[in-house]
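*Asks:* I am attaching a structure below and will ask some questions about it afterwards.
Nothing in this text is a laboratory measurement; each read-out follows from the coordinates by a stated rule. Since we're looking at a predicted model, the values are computed, not measured. Cβ placement follows ideal geometry from the backbone for every residue including glycine, while neighbour counts extend to all protein chains displayed.
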């Protein structure tokens, strides 16, 4: 997996304590294999996907509503990885296989709130 | 707020008479576009040589062949379709000596005969398509610059290119940003000032420091860059301490719309974008808590730079610690004067319009938009009153919506009427703010910090409006309401006309004095780009407007409003040019 967003030990803990630690240096080692823990899909929605799929995927925005989608897992995975020109960027190198699988699971469990 | 060089002499008190009347015998240059020629744009009313029309930033054409008296004879002269127009056309056509130049998605540029639409040349930048497919704010281009025999354009993959105005051949290209590493590139128009090309990078949602560059206009050599996130180390602009816990490393900022230039003070004025993450969970103690404690200079600010050196000479942060993504990236800097005093007028995405002196000191702040509650008010001196800082969790009815009370396209100032015409948006949002892990790696893409959805404002339906106001006080003379907020730029002309390209596809011409609709034409798809007027080589006046749908704000319209937006193509864009028949 390409190292695209590293979870910084200490930062996560600091966030929980509401006293952020000093933010770590940005990596100059992009392209390295990452051993980072996969991000929580709800976090990925709050940083990235929610820009277009509103309310954490529960409502349509720039992109379609994902809650209750009739798309197959394979179709969702393909769209996340490859995107669609004019509609959605390709996130195939931004998210790991594990994270994409977790995103599909997150979408499948979405309930109204 | 801190303002530097307060002692610099402004031209206040010096009466400068500006000639607004236009002779019917228009000047004709048919020579090179230079800084001096753009500076003296009043002498070349048939040209539109820079993004905002002139250094005055008015988006006003003094041409008056097409007027409120003969508008019924306005018909399409010619059209031109841009290939591969993904997300439509969002740029501003330019014209000089009867030739029209315009850019489109994937960094394509055309030079066309302004009277016939005949293609003179076509340029297409070689891009890393894999990179472009990963970019969120892409593949559109929002404009070009002319000068010294070149057409200048910033590219999606981080270059500034100079294309020969006569032949369309590449003269030079300079890599300014390592976009393959940082994701961001250039979408905004460059600005020619003296012997420099000024261009701002994307930023906002990405972990980079959003530089603005000065480049030698003739050689392409990078002359300077200014980091909108934290300023430049080793200079007095270094403001990284306003980003607690070294949070400047999570970035944001940038200056993705062409700014303005004031020849009187020799300052380039640029509006900067928001810090990342967009939504901070700090609550009221934002100076000490949250994802990016502090004011986060120089994001959501207007900055005055020396065009020769890039040195920061003045600034005003419109929203210290912007916690709502209501940035200052709007590129309009209207240079005005009244009663011997000179002003700069700059709209902020939050729905307020700031009035400054020529050194960036606030003189007044007025509301263009009714539904605003991210602050209770902003005082005339720029002080925010009653901030609605957010904490982790649910928040109902934050106004305006993330797309802004004011979007990035430009309004228009008509010196004949003394009125400033501007689009305002009435919409709000519910959001759930979340603590997110700091994003430090560029390819992780966005850094929003919340889930959200659009909701109607407290006073009624989602809507937009075009209003005509005193640019210094905001006093309203008239207002026209639209069921969906218009998203394109406006154009006023010497013919007492205000052109409003609306989102449904209608180009409307209003009486600039009264707001009465005089004419309309359906261009078949929405407008989300530029409009301008020029003279063709046949000495006839033309009005050129861009069409095509798929901008970041307009992309919400299909799910929000249904038809016609749910049937608009996302891969079509046409330049439609009108003249009197």
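*Asks:* Given 0.36 nm per residue, what is the gain on full extension from residue B:339 to residue B:514 after removing their alpha carbon distance, in nm?
*Replies:* So the extension gain works out to 60.5 nm.
*Asks:* Could you tell me the largest-minus-smallest coordinate of the C-alpha atoms of the stretch B:351-486 on each of the three principal axes, in descending order and whole angstroms?
*Replies:* 52, 38, 32
*Asks:* At 222 nm, what value in deg cm²/dmol follows for chain B if DSSP H runs of at least 4 each add -39500 (n - 2.57) and the sum is divided by all its residues, to the nearest 500?
*Replies:* -500 deg cm²/dmol
*Asks:* How high is the FRET efficiency between residue A:109 and residue B:481 when r is their beta carbon distance and R₀ equals 51 Å, given to the nearest 0.05?
*Replies:* So the FRET efficiency works out to roughly 0.75.
*Asks:* Hey, another quick one. Please report the spacing between the Cα centers of the stretch A:46-76 and the stretch B:39-72 in Å, no decimals.
*Replies:* For the stretch A:46-76 versus the stretch B:39-72, the Cα centre distance is 44 Å.
*Asks:* Kindly put B:549, B:248 in sequence by how many other C-beta atoms sit within 10 Å of each C-beta, fewest to most.
*Replies:* Ranked by crowding around the Cβ, least crowded first: B:248, B:549.
*Asks:* At what distance in angstrom do the alpha carbon centres of the stretch B:493-523 and the stretch B:354-422 lie from each other?
*Replies:* Here the two parts' Cα centres lie 25 Å apart.
*Asks:* Additional query: Considering the convex hull of the alpha carbon atoms of chain B, report its projected area averaged over all viewing directions, in nm², one decimal.
*Replies:* 22.6 nm²
*Asks:* Sticking with this structure for a sec: Tell me the relative contact order for chain B as a rounded percent, counting alpha carbon contacts under 8 Å between residues six or more apart.
*Replies:* 16 percent.
*Asks:* Under the 0.36 nm per residue contour assumption, what length would be gained going from the current alpha-carbon distance of residue B:539 and residue B:387 to full extension?
*Replies:* 49.4 nm
*Asks:* Another question, if that's okay. Tell me, in nm to one decimal, what length is gained between residue B:32 and residue B:218 on full extension, where the rule is 0.36 nm per residue of separation less the Cα-Cα distance?
*Replies:* 65.7 nm
*Asks:* Enumerate the whole-percent occupancy of each 10 Å bin, from 0 to the last occupied one, for all C-alpha pair distances of the stretch B:338-389.
*Replies:* For the stretch B:338-389, the pair-distance distribution reads 26, 52, 19, 3.
*Asks:* Something else about it: Over the stretch B:176-333, what is the relative contact order in whole percent, taking alpha-carbon pairs under 8 Å and six or more residues apart?
*Replies:* Over the stretch B:176-333, the number comes to 22 percent.
*Asks:* In what sequence do B:428, A:49 fall when counting other Cβ within 10 Å, fewest first?
*Replies:* B:428, A:49
*Asks:* Suppose R0 equals 30 Å; then what is the FRET efficiency for residue B:238 and residue B:396 from their Cβ-Cβ distance, rounded to the nearest 0.05?
*Replies:* The calculated FRET efficiency here is 0.15.
*Asks:* While we're looking at this one, here's another question. How high is the FRET efficiency between residue B:563 and residue B:124 when r is their beta carbon distance and R₀ equals 45 Å, given to the nearest 0.05?
*Replies:* The calculated FRET efficiency here is 0.85.
*Asks:* Label residue B:79 and residue A:101 with points 7 Å out from Cα along Cα→Cβ: what is the distance between them in nm?
*Replies:* Result: 5.0 nm between the two label points.
*Asks:* Quick one: P(r) of the stretch B:410-464 from all Cα-Cα pairs, 10 Å bins, percents rounded to integers, in order of increasing distance.
*Replies:* 18, 24, 25, 22, 10, 1
*Asks:* Can you pull the Rg over Rh of the stretch B:30-74, Cα-only, Kirkwood?
*Replies:* Rg/Rh: 1.07.
*Asks:* Among B:218, B:134, what is the fewest-to-most ranking by other Cβ atoms within 10 Å?
*Replies:* Ordered by Cβ neighbours within 10 Å, fewest first: B:218, B:134.
*Asks:* Output the Cα-based Rg and Dmax of the stretch B:151-256 in Å, rounding Rg to one decimal and Dmax to a whole number.
*Replies:* Looking at the stretch B:151-256, its Cα Rg and Dmax stand at 14.5, 52 Å.
*Asks:* Provide, as a two-decimal number, the C-alpha radius of gyration of the protein assembly as shown over 2.2 N^0.38 Å, N being how many residues it has.
*Replies:* So the protein assembly as shown has a normalised radius of gyration of 0.89.
*Asks:* Still on this structure, I have one more. Return the whole-Å distance between the Cα centroid of the stretch B:455-479 and the Cα centroid of the stretch B:174-214.
*Replies:* Answer, in whole Å: 33.
*Asks:* Please report the relative contact order for the stretch B:356-422, taking Cα pairs under 8 Å with a sequence separation of at least 6, and give it as a percent rounded to a whole number.
*Replies:* The value is 22 percent.
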